[in-house]
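Worksheet: the structure to be examined is printed underneath.
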Amino acid sequence: MISMDRNTSPKSPLSKPQITDAVNQTNIELYPEEELDRFKSLYAKRNGFKPENIEVANGSDEWLQKIVMTLGKNGVMSLSPDFVMYQVYANQAGFRYYSVPSREDYSFDYDLVINEIKSKKPSLFLISNPHNPTGVLLPSHFINDLSDAMKSVGGTLVIDEAYGEFALGHPLPQGEHIVIVRTMSKVYGLAGLRIGIAIAQGETYQSITRINHPYPLNSLSLNLGSELLKDNEQLDDWFSYQKQLQKSLVEAFETVRRHVKIKPTHTNFIFIYGSKARDLYEYLYKNGYRGRAYDEVNLKNAARFSIVHEDEYPKLKELIKKWGESHD
C-alpha cells in the first residue's frame, strides 16, 4: 500500500554518508547546547529570522499544544475546517473553543471571521497557512486583518506554516502578538526527527518558551537537521524536487477535473471534493494508493492525497485516468 495520507516526503533528503557523518559528530554523553545554537543559527540564516526569536520543540504539534496551554485561557478560535489538533489541544486544556465555518466550496467569508473575533474576543486564534486540509494559500490582506483584529482584542495570532516553504515569498505580519510555527517534517523531509520551530518576540516568546524543556531536542536530531541546513545548494535542489513531486501530483488529478473539484495547492498534497470525490478515494485505495478521507460532516465529500515517489506517478496517473473514463 502506497501512503498518500501522511503529507510526508517519500524519501530522505540526506544520504547515508551524511547521516553517518552526523551520527559521528554527535556526543551523546553531553547535553545538546552547542547543537541547539548551531541549528537555530542555520535555520535563522536560511529563513531570515533572528536566532534569539527561535525556539525548538518535539514537533510543531508540541508547540501548538504549549501555545494553547499558555495563551488560550480566554478562548481559542480557528476556522472550520482547519488542522484538527487546534480543537483537541483546546479541549485538553479545558478552554472554550470557537470555530468559523467555511462556505460549501471550502472558502471563507473573511469579514465573518473578523466579526467573530470582535464578538467572541478569543485570546488565541490559530490558522494554518497554507491551509490544511485544502492546501490553499490564504491572502495576505486576510492574514493582516486577522493580525489587526487579534491585536485589537488583546489576543495572539498563531500562523501555522507547516507547509510555508511551498509558498515562500508571502509577507508575514509583525509584532509581539504574532507567533509563527513551522516544522522540518514537510518540505524538509525530516518527519522522523520531530523538529518543530516557533518564532516569536518579547513577552509572547517568554510566555511560550517558559514551559519548554531545558533541552527540547536531542543532539542527534539537531545535528541531522543542521546537516541538511548547512548546504544551501543541496537544500535548494531538494526543495525543487519536492515541488516537482507536487506538480506531478496536480497533473495526475487535473485529468479528472470534469468529475471532481480541485483546490489550488501550495502544499505537498491536493484536496478534492464533490459528489464523486469519495468514490475516487475508494477506487485508489482498492488499487494500492491510500489517501485521506474524513469522518467530519463538513468533509464527508472530500479527500486529500499527498505526494509519492516519482516512480509511482505513471501508475497513479493511469489509474486516475481510467477512473475518469469510467465515469464519463
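The values are calculated or read from the model by the stated rules, or taken from the named source; none is laboratory data. Since the structure is predicted, the reported quantities are computational estimates derived from the model, not experimental observations. Reconstructed Cβ throughout: ideal geometry from the backbone, glycine too, with neighbour counts over all protein chains shown. Each accessible area value is taken on the protein alone, full model and side chains, heavy atoms only, with ligands, DNA and RNA left out. Shrake-Rupley method; radii C 1.70, N 1.55, O 1.52, S 1.80 Å.
Looking at (1) part of a strand (DSSP E or B); (2) more than 22 Å from A162 (Cβ to Cβ); (3) of a type in the set (V, I, T), which is the only condition I270 fails?
Here I270 clears every test but (2).
Any residue at all in segment 277-288 that is out of contact with any Asp or Glu (no Cβ under 7 Å at 6 or more places or on another chain) and over 15 Å from W323 (Cα atoms)?
Just the residues of segment 277-288 that are out of contact with any Asp or Glu (no Cβ under 7 Å at 6 or more places or on another chain), to begin with: 277-288.
With over 15 Å from W323 (Cα atoms) added as a condition, the list becomes none.
No, segment 277-288 has no match at all.
Considering only segment 160-178, I want to know if a residue exists there that is assigned to a helix (DSSP H, G or I), touching a Phe, Trp or Tyr at 6+ places or on another chain (Cβ under 7 Å), over 18 Å from Q242 (Cβ atoms) and not assigned by the TED database to the domain that holds F305.
no
Here are some conditions: (1) within 20 Å of M184 (Cα to Cα); (2) among the aliphatic types (A, V, I, L, M); (3) assigned to a loop (DSSP other than H, G, I, E, B). I28 meets all but one. Which one does it not meet?
Status for I28: all satisfied but (1).
Consider segment 214-239. How many of its residues are closer than 21 Å to N53 by Cα and open to solvent by 40 Å² or more (accessible area, probe 1.4 Å)?
4
Take the residues of segment 288-318 that are open to solvent by 60 Å² or more (accessible area, probe 1.4 Å) and of a type outside the set (D, E, K, R): which is farthest from V100 (Cα to Cα)?
P314
With part of a helix (DSSP H, G or I) and surrounded by fewer than 16 Cβ atoms within 10 Å (Cβ to Cβ) as the only criterion, which of D145, D111 stands out?
Unique residue meeting the criteria: D111.
Each row is one residue, and each column tells you yes or no for (1) part of a loop (DSSP other than H, G, I, E, B); (2) outside the structural domain of L138 (by the TED database); (3) touching a Leu at 6+ places or on another chain (Cβ under 6 Å).
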residue	(1), (2), (3)
R182	no, no, no
V187	yes, no, no
G196	no, no, no
P216	yes, no, no
Q244	no, yes, no
L249	no, yes, no
R257	yes, yes, no
T265	yes, yes, no
D279	no, yes, no
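Please go through segment 176-213 and give me each residue that is open to solvent by 20 Å² or more (accessible area, probe 1.4 Å), touching a helix residue (DSSP H, G or I) at 6+ places or on another chain (Cβ under 8 Å) and on the phi > 0 side of the Ramachandran plot, ordered by number.
R194
On the given criteria, is N129 buried (at least 19 other Cβ atoms within 10 Å of the Cβ) and closer than 30 Å to G225 by Cα? Steps first, answer last, please.
On the way: buried (at least 19 other Cβ atoms within 10 Å of the Cβ): yes; closer than 30 Å to G225 by Cα: yes.
The answer is yes for N129.
What's the total number of residues in segment 56-74 that are open to solvent by 10 Å² or more (accessible area, probe 1.4 Å), more than 14 Å from M184 (Cβ to Cβ) and in contact with a helix residue (DSSP H, G or I) (Cβ under 7 Å, 6 or more places away or on another chain)?
Residues flagged as open to solvent by 10 Å² or more (accessible area, probe 1.4 Å), more than 14 Å from M184 (Cβ to Cβ) and in contact with a helix residue (DSSP H, G or I) (Cβ under 7 Å, 6 or more places away or on another chain) within segment 56-74 amount to 5.
Hey, can you tell me all the residues within segment 150-159 that are open to solvent by less than 10 Å² (accessible area, probe 1.4 Å) and either assigned to a helix (DSSP H, G or I) or touching a Lys or Arg at 6+ places or on another chain (Cβ under 6 Å) (or both)?
Scanning segment 150-159 gives a single hit, M150.
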